[in-house]
Structure formats: structure tokens, C-alpha cells
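So the structure is just underneath, and the comments pick up after that.
The values are calculated or read from the model by the stated rules, or taken from the named source; none is laboratory data. As the structure is a prediction and not an experimental result, all values here were calculated from the model. Using ideal geometry, Cβ is built from the backbone for each residue, glycine included, and neighbour counts are taken over all protein chains shown. Ligands, DNA and RNA are stripped out before the accessible areas are found, and what is left, the full protein with its side chains, is counted by its heavy atoms. Shrake-Rupley method; radii C 1.70, N 1.55, O 1.52, S 1.80 Å.
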There are 2 protein chains.
Amino acid sequence: MDFLRPDTVMDLNNIRAVLIRMEDTIVFNLIERAKFPRQPSSYQKGGIAIPDFDGSFVDWILREEEIVHAKVRRYQSPDEVPFFPDDLPEPILPPISYPPVLYPHPNKVNVNDRIKDFYVSDIVPSICPEGEQKENLGSSSLCDVECLRSLSRRIHFGRFVAESKFLMERETMTAMIKAKDMAGLDAAITNSAVEKQVLARLKKKAETYGIDPNLMSSPNHKKVDADAVVAMYENWVIPLTKEVEVEYLLHRLDQED
Amino acid sequence: MDFLRPDTVMDLNNIRAVLIRMEDTIVFNLIERAKFPRQPSSYQKGGIAIPDFDGSFVDWILREEEIVHAKVRRYQSPDEVPFFPDDLPEPILPPISYPPVLYPHPNKVNVNDRIKDFYVSDIVPSICPEGEQKENLGSSSLCDVECLRSLSRRIHFGRFVAESKFLMERETMTAMIKAKDMAGLDAAITNSAVEKQVLARLKKKAETYGIDPNLMSSPNHKKVDADAVVAMYENWVIPLTKEVEVEYLLHRLDQED
């Protein structure tokens, strides 16, 4: 799946295949997080006191790993959006040789704060039992980081979808962008039939991957609540992706003229 | 699954449940890695030149993330074994309050170099197509790091298995340990029937999780080769776990007298 090869990255069929594959990654990550209870103190500022740091325990791990990954150019890749863009060092490797594919370039659309908000307030409580296990705070937080990253990548992939649609309907969309017609853009990018398919597909994935196939007869062994996974897509992932698409399109022509 | 609660960590049923659950994690991680080609340069020393670092690209990411995780006490947890134990800083948090459960304490059994060797030489070629995609070197390396960590945790969990068996057969095993009777210890920890069950269970998991359940009719959509996953357990994971168990037991009494 060569989704980052410059010559195929804007093929809408390719983008759709990547989005479908990302569902598996997200479901896997949620299943892993659901092993642990909610761990409220890991999300609270100062819930675990960290020297010289003002955020939560999960924030700290996320930021420190982003600092490591930034050094090897992770955030020069057009499909990666950091949660702590202001805290990142310059890469220690030569710049990545990747042609601009999103416009304006570099692209600044970033809804990661909102992703973190819905993840902590809504998703963790819907997939994890109440409670806290001090011994596993590190393990659960590392799962959080993986969940947040895969959700962020999925939702910000809306920029590729939007660019691809823009290239196909350049004239109509240019007019809408110039008129700041957000409702028109939203209608142009919405495909309700596809959204229903996404939810149906996701339910089947969460059910299948969420049960050990060797324990099929024992219905208590569900590793994740499939309905919660579907609700997350319906209430958060799909709407936020569409917001990202509209936001992307509104600024699509900023560098022109 | 409270596998790190001190009061239940030595219950063999609990340990077995954790080992079974780890299979899912390992299969998920291999499926993620198999999205990418083999990426040989990411495993070669100097394959990607990194300033002031002598190892491979994957080594660099693994080590830098271990440095981050060590600061929040990851490697004070008895089930975590680092790949770069000599490069880690002191934690920035107060010491973890976890009673000794493995002996001698702290326990030094570490086969991570061998895990990295078989993973790079045998597993990556068996699950990934030939080739290299420069654009995805970072993504594939992050998958490698997850694979290596989950394999390391699984294989070193042999120490908990061994300790649990030791507690159940203290007298016989003490005699074998004092006689350095490795063959006897190996026989005492081996259960061929259980090993066969593991392989059968694993095949079903790799087949189930490795196929998008919405694309069942299309046999080309296997995300990972189930036979390669089974072969990895048969040729590497199970034998190395048993070596870890024997090694653990040989030193079990070092701190006594």
C-alpha cells in the first residue's frame, strides 16, 4: 500500500484503501487500551507530578516521543501532524525529499487538541472499565499515545481526501472557496452512503478483532465494545474529518495569486 | 487482567491468561509491520547515517524511546526488559513501589539482542515483501519497535512462569538448580501439549485478525502470513522463552545463603 509515494498519493481509490486499512489500526489500538481501566490521573494536569512539566502524564509521554520522532523527520511527512508543534526540535537528518502535495505548503490544519479532548472525555470511558491501576499507568499511557496518533492520522487524512476532490472539481470548488461557502463545501465533500458503509464495516472489524477466535463460544471475552467503536466514528471521527476537509479547502488557495 | 498486581502476579492461571492475551498484541503488531516492505537499510549500522550514533535507524528510535520511558520508570517494572540497559537515565519520578517478585532482585536475564537478531534476520523477511520505500522508513521502524517490545515482553515473561513453577515445586527444583541440571530443569518446565495448543491458537488468531472480515471472499487480502507467525513462535518464541526460564532458574538461588 504505497500511500506515501508522491505519484499515487492523490489517487482517491488509493486514499480510500488507506483509510479502510487505518480502521484496522485504530481498532487494534483501542483493543489494546481497553485492557486497562480508565486511569483518570494519567489525563489530569499534575495528576502525576512530573518535574518541570505542566501537563498530564500522557501529555508528557506524547511530547517526549514527538521530540524523538521530530529529530528523524516524522513531522516533515505530509500525513503526520504533531500534538506539540511548538515544542519540537529541528531534524538531525537531512530534510525529507517529498514534493508538496497539500496546499498551502506546509499545511497547518491541526485539530489534535480536539482529538485529545474527545478521546479522554468520551472514548476512554466508553471502552475501559472504571478505576485506576497504579502499576499499569505507564502501559495504559503508551496505548493512549498509539490511539491518539492513529486517530490523528485518520482524521487529518481528510486533507488528502479534500485535495483529491479539489483536483477533480477544481472549478466548482474554487468558486465556493472564494465565496467562503462552507455549507456548499460541506455538501460537496459529504457522501452519506459511504459514511453508512464505514460504520457497518467498522462494527464487523471491532467484533471480529475484539474476540479471541479460540474463545468464540464465550461471549464475555469481548476485548472491546464494538458499539463504542462505531459510536466514536459516528460522533467524532467522521464529523471531525469533514471539518478538517472544509478547513483545508477554505485555505486551499491562500498561496495563489 | 491485573497481571501486575503484586497479589496475583504469581498465579499460574493469571500468567497463562496474560500470555494468551499477549499473542493478540504480537499478531496485531506483526500485521502492522507487514504493511511495509522489508526496508533493509533501517536495520543496517549506518544504513541511514545518524549523527553521533553507531547503530541502525531502528536501534536509534528504540534507544531514544527507551530513554524517554526510563525517565518515567518503565524499566523498574518487573515485566519490562530494555534493549539498551547501559544507556538509560535515572527516573525523574519517585521509585515505583513494587515488591520484589523475581529473584535475584533486580533480575538481569536479558535476551533482547537475540530477539533483535531473529526478528531482523528471520521474521521481517517472512512477513514483508522484498524492497524498500524510503518514504515509509520512519513508519516501518516504529512498527519494528512495537514488534520487538511485545516479543521481548512475551519471551521474558518466561521468568514469571519459571518463578511460579519454582514456588510450586520448590524442593525438586532447588536440587536441580544446585546440581546445575539444565536438562532436568528444561524437562521440568516443558509441556509439549501446551506448546501444540499455543501454535494452533496462534494460527487461528493470525488468520482471523489478518483478514478484513468485510473482504472475506477475497483471499488476496491477507494482511499477514499466518504460517509465518506460527513458525516464529515454534522456531523462536517458544524455545527462547524456555531458555529464559532455565536461565532464570539457574540463578534463582544466587541471593540466598
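This table checks each residue for (1) within 14 Å of chain B (Cβ to nearest Cβ); (2) modelled with pLDDT under 95.
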site	(1), (2)
A:166	no, no
A:182	no, no
A:217	yes, yes
A:241	no, no
A:256	no, yes
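Which ones in segment B:31-47 are buried (at least 18 other Cβ atoms within 10 Å of the Cβ) and either assigned to a loop (DSSP other than H, G, I, E, B) or among the basic types (Lys, Arg) (or both)?
B:33, B:34, B:35, B:36, B:38, B:39, B:43
Are any of the residues in segment A:78-96 in a loop (DSSP other than H, G, I, E, B), more than 14 Å from chain B (Cβ to nearest Cβ) and over 28 Å from residue A:33 (Cβ atoms)?
no
Quick one: which of A:165, A:242, A:203, A:180 is in contact (Cβ under 8 Å) with a residue 24 or more places away in the chain, open to solvent by 10 Å² or more (accessible area, probe 1.4 Å) and either acidic (Asp, Glu) or not in a helix (DSSP H, G or I) (or both)?
A:180
Just to check your reading of the model, which residue among A:224, A:230, A:194 is surrounded by 14 or more Cβ atoms within 10 Å (Cβ to Cβ), of a type outside the set (S, T, N, Q) and in a helix (DSSP H, G or I)?
None of the others qualify; the one that does is A:230.
Kindly establish whether residue B:68 is under 15 Å from the mean Cα position of the chain (by Cα), β-branched (Val, Ile, Thr) and modelled with pLDDT of 95 or more.
Answer is no for this residue.
Being under 17 Å from the mean Cα position of the chain (by Cα) and open to solvent by 60 Å² or more (accessible area, probe 1.4 Å) is the filter here; which residues of segment B:100-154 pass it?
Across segment B:100-154, the qualifying residues are B:108, B:110, B:113, B:114, B:117, B:121, B:122.
For the subset of segment B:51-77 comprising residues that are within 10 Å of chain A (Cβ to nearest Cβ) and in a loop (DSSP other than H, G, I, E, B), which member is farthest from residue B:137 (Cα to Cα)?
Selected residue: B:77.
Does residue B:28 meet the test of being open to solvent by 40 Å² or more (accessible area, probe 1.4 Å) and either of a type in the set (Lys, Arg) or touching a helix residue (DSSP H, G or I) at 6+ places or on another chain (Cβ under 8 Å) (or both)?
No, not satisfied.
When you scan segment A:11-25, how many residues do you find that are charged (D, E, K, R) and surrounded by fewer than 21 Cβ atoms within 10 Å (Cβ to Cβ)?
Start the filter on segment A:11-25 by keeping residues that are charged (D, E, K, R), which leaves A:11, A:16, A:21, A:23-24.
Remaining after also requiring surrounded by fewer than 21 Cβ atoms within 10 Å (Cβ to Cβ): A:11, A:16, A:21.
So the answer is 3.
How many residues does segment A:12-50 hold that are touching a residue at least 60 places away in the same chain (Cβ under 8 Å), of a type in the set (Lys, Arg) and within 10 Å of chain B (Cβ to nearest Cβ)?
Going through segment A:12-50, the residues touching a residue at least 60 places away in the same chain (Cβ under 8 Å) turn out to be A:12, A:15, A:18-20, A:22-43, A:48.
With the extra rule that they be of a type in the set (Lys, Arg), the set shrinks to A:33, A:35, A:38.
So of that shortlist, the ones also within 10 Å of chain B (Cβ to nearest Cβ) come out as A:35.
Number satisfying all stated conditions: 1.
What's the number of the condition residue B:5 fails, among (1) within 10 Å of chain A (Cβ to nearest Cβ); (2) open to solvent by 10 Å² or more (accessible area, probe 1.4 Å); (3) assigned to a helix (DSSP H, G or I)?
Condition not satisfied by residue B:5: (3).
Hey, residue B:186 hits all of (1) within 22 Å of the chain's Cα centre (by Cα); (2) closer than 30 Å to residue A:23 by Cβ but one; which does it fall short on?
Against the list (1) within 22 Å of the chain's Cα centre (by Cα); (2) closer than 30 Å to residue A:23 by Cβ, residue B:186 comes up short only on (2).
Inspect all residues belonging to segment A:170-181 and state whether any of them is more than 22 Å from the chain's Cα centre (by Cα) and of a type in the set (Asp, Glu).
Yes, because at least one residue in segment A:170-181 is more than 22 Å from the chain's Cα centre (by Cα) and of a type in the set (Asp, Glu).
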